[in-house]
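Take a look at the structure below.
The values are calculated or read from the model by the stated rules, or taken from the named source; none is laboratory data. Quick caveat, the model's predicted, so the values are computed rather than measured. All Cβ positions, even for glycine, are placed from backbone atoms using ideal geometry, and neighbour counts span all protein chains on display.
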Amino acid sequence: MPRSPQDVTEAELAILEVLWDRGSATVRELTEQLYAGCSASQHATVQKLLERLEGKGCTFRDRSVWPHVFKAAVDRASLIGRKLQQTADRLCEGSIQPLLMHLVKAGKLSTADRRSLREMLDQLEKDGRKQGKK
Amino acid sequence: MTWLVTYGFINAVLATLLASAALVVGRWCRRPALAHLLWVLVLCKLLTPALVKVPLGDWFDPPQWLSEATVSSGNVGPGGHRLDRPWTGDSASSDSQEPEEEFPQANPPSKNAEAVVVHSELDGDVAVATTVGGAGTSSNGNNGVSNTRSEKPRRSFAISPGLCLRWVSIVWVAGSLLTMLWLVRRLARFGAYLNFAARPDERLQEHVAQLARTAGMSYAPRVVVVDCVVSPMLWGVGRRARLVFPSALGQRLDADACNALLLHELAHYARGDGWIRLLELAVQVVYWWHPLVWWARHEIEAAEEECCDAWVLERQTGTRRSYAEALLAAIDFLCEPPPLPPVACGLGDVPLLRRRLTLIMRGQVAVHPSRAARVLVLGAAAAVLPLGPGLFGASSRSDSARILVPSTIDPVALSPQRIFEIESADEETSGPAGTTVPTGPASIDGPADLITPELPALPHLAPPSLWASATSPNGKYRLEARAGRKTTLVHVAADWRLDLSSHKIVCASYSPDSQMLATGHDDSIVRIWDCETGGISALLRGSESAITSVAFAPDGRRIAAGTANGDVHVWDSATHDEIARIQLQQPAGVSCIRWSNRGDRLAVALGNWSDGEAMPLVIWAPDEGSVPAKELFLDLPVGAVQWLADDTALLVAAWDGEARVWNLSTNEPVDWLSLKKVAISAAAWSPDCPLISRWQADRLVLGSEP
């Protein structure tokens, strides 16, 4: 089961932008593109960022070639959608966001909670019918 | 700023009481519409100022620290006139005080010994506790003159309630500012998010407009759709409100379910719930620390949802079950495990959802409160919102009745040379200073330089009569005396006021440089006040009976005081040592003592206004020993005296208003005047309230040259 991608940082997003534009790149190519140079520390930074992105499931490493080539595992639209969703989650928190009126604040209702609500609904409908007959 | 804490505290308490009523209605009476109104009333109460004070009477005893704090920090009496710390002044004057000294206990404490907390100490950091009494006095038997040291007040360095209130005010305001910034930032971010992520949908906009028209609404909010997993929501107020609908949810639901959810958001719009959110926002900013605000918000929103559900049920075309199913579908939409991060809209409120679904299925909710309920709530609002308990100054205790009335006296018109005619309100009486209420105009011939101060009437309290007002020589300060020995020191330019009523000032005198104010008290002590800071800088001891009259010498180097047992004391104003004393051995106390213009002699009037007995008037030169220089035997009870014409004559005024110009060379009266009784009382009270102005004094005809 794929891990849910976590929020990417600005630096990680910059790497993904390059991968989206180029399709694939090595660590050296990414470093040269991002820093206009390739010092040892910059190289190490990009390598670390790529490891993180790989852990988040946002990049794919092709180990069949040398040096390893990295590709983006998520497309731009999906990532932007995730970021927007995360922003919405943060901003739509009803108890904090001013001037906001929700339809429902469902929050983290479990499946069992929702099932119990449906059962309650069924029961209320039955009770209503019984009273109607009376 | 400490008034903010006072009013905020009062409002918070009252609102909490209101909340109890709202809770009962909401939880047990099951009337969400009425409960909503009551909770809104709670929020309104938090913000509305207490316009009308309800005296709680003696049965309510506010905590001493709160009483002291509001007085020392300068807070209100029942009239709602705030009294802030009058002036920050020169703290150096209080910092430069001499080190505290132990009070020598040569004798057991006199019957007057008691601990007196100086409420009016305004440097704010310390509470000055002074022990008064006869300690420390001794006599060397030298013709009645004693070498007595006057003691400095001992300071106890407890943190004053005034300081605490001040810090509470600062923290409160800072918290409000931070809360406001935080909320504004959230609003801005949400607006930016909508601007970026939301897009208009014309088809949906038309559909919502149609639904609104069907529901009887004249205007529909703007509709935008987002591609995120969010609950349908309404954001904003008035014409700027936006109905946000998730596009994915719309694709999942059928037409009836969609309409039901849209109608729910329209219900919020039709009810004006956005304005309630605005009220909540304002209350959150002001009462960020009060848990009642958050609780009230929760209750209001719960009641709103139930009312909106009822509104939808009245107008939708589907069944109750279909509406409930639509809500559950929205919940499923929000709670489905995503490829996306879980919705982080707070914890799910299952009990609230159960309650809503139950009410939907049973159809028991009234959309609007009944007419009777509305009238009831409006009446309660009108009665409760402007009210505040009169915690301070409402009881009959004289030491707590600190009623401050702002004066409209034109400070420019005031000077030590003018006489103040007091606006009369009651019948005339002939009593000592502080008990008379004057009537009628002055009877002195001369220019109309009489100033009538106008006292504004409070809506529920009659203002105490101002019967004397002494202005410092430089016009910067004014001491106002009202009935019941209520005294207020006013910084004229800033209109700051210091209530000195608790000290029961009997008499007062400014120093020539206007820096100090000497006051006489029944506890036989003369207190020297620093006018700049409003604090007591020295206590002059040595008298064995109540001080009845006090006067600074013209050069400011000496202070003379007369006592109830007929003694006169003179102190050095710099060292506070007693330097001269005379015991006049008369069966009456001193009514008025005044320095000559040259400062070499004292005119001492003796007598009591109540018995009307004529007593001699004594002229004494303190530098020449303890024997009077002259005694004038008058046939009238003298209330006040004033030196005239280069110290060759005295204006001697009796309590009944009759005044004579007395030539000191011939010991004969040379002129007669009729003065107002209140002017005589004021003149006896302070030399800064002269009997007549200098202009008038110059016009008086002397009998002969000395």
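A few notes on this one:
- Matching residues, segment B:174-209, being farther than 19 Å from B:Ser247 by Cβ and away from chain A (no Cβ under 14 Å): B:Ala174, B:Gly175, B:Ser176, B:Leu177, B:Leu178
- Qualifying residues in segment B:309-334 (those that are outside any helix (DSSP H, G or I) and away from chain A (no Cβ under 11 Å)) - the one surrounded by the fewest Cβ atoms within 10 Å (Cβ to Cβ): B:Thr317
- Given (1) within 14 Å of chain B (Cβ to nearest Cβ); (2) modelled with pLDDT of 90 or more, number of the condition A:Phe60 does not satisfy: (1)
- Filtering segment B:625-649 to residues that are under 18 Å from B:Gly562 (Cα atoms) and not small (Gly, Ala, Ser) leaves B:Val627, B:Pro628, B:Lys630, B:Glu631, B:Leu632, B:Pro637, B:Val638, B:Val641, B:Gln642, B:Trp643.
- Matching residues in segment B:552-567 - criterion: being polar (S, T, N, Q) and either under 14 Å from B:Thr519 (Cα atoms) or in contact with a helix residue (DSSP H, G or I) (Cβ under 7 Å, 6 or more places away or on another chain) (or both): B:Thr563
- Strands (runs of 3 or more DSSP E) contained entirely in segment B:499-576, each with at least 1 residues that are within 17 Å of B:Pro687 (Cα to Cα): B:507-510, B:516-520, B:526-530, B:547-552, B:558-563, B:567-572
- Segment B:281-308, subset of a type in the set (Asp, Glu) and at the interface with chain A (Cβ under 10 Å from one of its Cβ atoms), residue farthest from B:Asn259 (Cα to Cα): B:Glu301
- Here A:Ala73 meets each of (1) in contact with a helix residue (DSSP H, G or I) (Cβ under 9 Å, 6 or more places away or on another chain); (2) within 14 Å of another protein chain (Cβ to nearest Cβ); (3) free of Cβ contacts under 8 Å to residues at least 12 places away in the same chain with one exception, condition (3).
- Segment B:578-590 residues that are in contact (Cβ under 8 Å) with a residue 60 or more places away in the chain and part of a strand (DSSP E or B), paired with ones that are charged (D, E, K, R) and crowded, with 21+ Cβ neighbours inside 10 Å (beta carbon under 6 Å, 6 or more apart): B:Gln583/B:Asp567
- For beta carbons closer than 7 Å, sequence separation of 6+ or different chains, a first residue in segment B:236-254 that is within 11 Å of chain A (Cβ to nearest Cβ) and a second that is surrounded by fewer than 17 Cβ atoms within 10 Å (Cβ to Cβ) and of a type in the set (Phe, Trp, Tyr), the qualifying pairs are B:Val237/B:Trp275.
- Filter pass, B:Ser231 being in a loop (DSSP other than H, G, I, E, B), within 54 Å of the chain's Cα centre (by Cα), of a type in the set (S, T, N, Q) and more than 10 Å from chain A (Cβ to nearest Cβ): no
- Members of segment B:138-165 found to be crowded, with 18+ Cβ neighbours inside 10 Å and either in contact with a helix residue (DSSP H, G or I) (Cβ under 6 Å, 6 or more places away or on another chain) or modelled with pLDDT of 60 or more (or both), listed by number: B:Ser160, B:Pro161, B:Gly162, B:Leu163, B:Leu165
- Here A:Ala72, A:Ala40, A:Ala77 are screened, and the one residue that is within 21 Å of the chain's Cα centre (by Cα) and surrounded by fewer than 12 Cβ atoms within 10 Å (Cβ to Cβ) is A:Ala77.
- Here A:Gly128 clears all of (1) modelled with pLDDT under 80; (2) more than 26 Å from B:Ser231 (Cα to Cα); (3) facing chain B (nearest Cβ under 7 Å) except the condition numbered (1).
- Within segment B:227-244, the set of residues being farther than 20 Å from B:Gly272 by Cβ and either basic (Lys, Arg) or buried (at least 24 other Cβ atoms within 10 Å of the Cβ) (or both) comprises B:Val230, B:Ser231.
- Strands (runs of 3 or more DSSP E) contained in segment B:595-704 and holding at least 3 residues modelled with pLDDT of 85 or more and either out of contact with any strand residue (DSSP E or B) (no Cβ under 9 Å at 6 or more places or on another chain) or crowded, with 19+ Cβ neighbours inside 10 Å (or both): B:602-606, B:617-620, B:638-644, B:649-654, B:658-663
- Residue satisfying condition, being surrounded by 15 or more Cβ atoms within 10 Å (Cβ to Cβ), at the interface with chain B (Cβ under 7 Å from one of its Cβ atoms), at pLDDT 80 or above and under 30 Å from B:Thr179 (Cα atoms), within set A:Leu100, A:Leu121: A:Leu100
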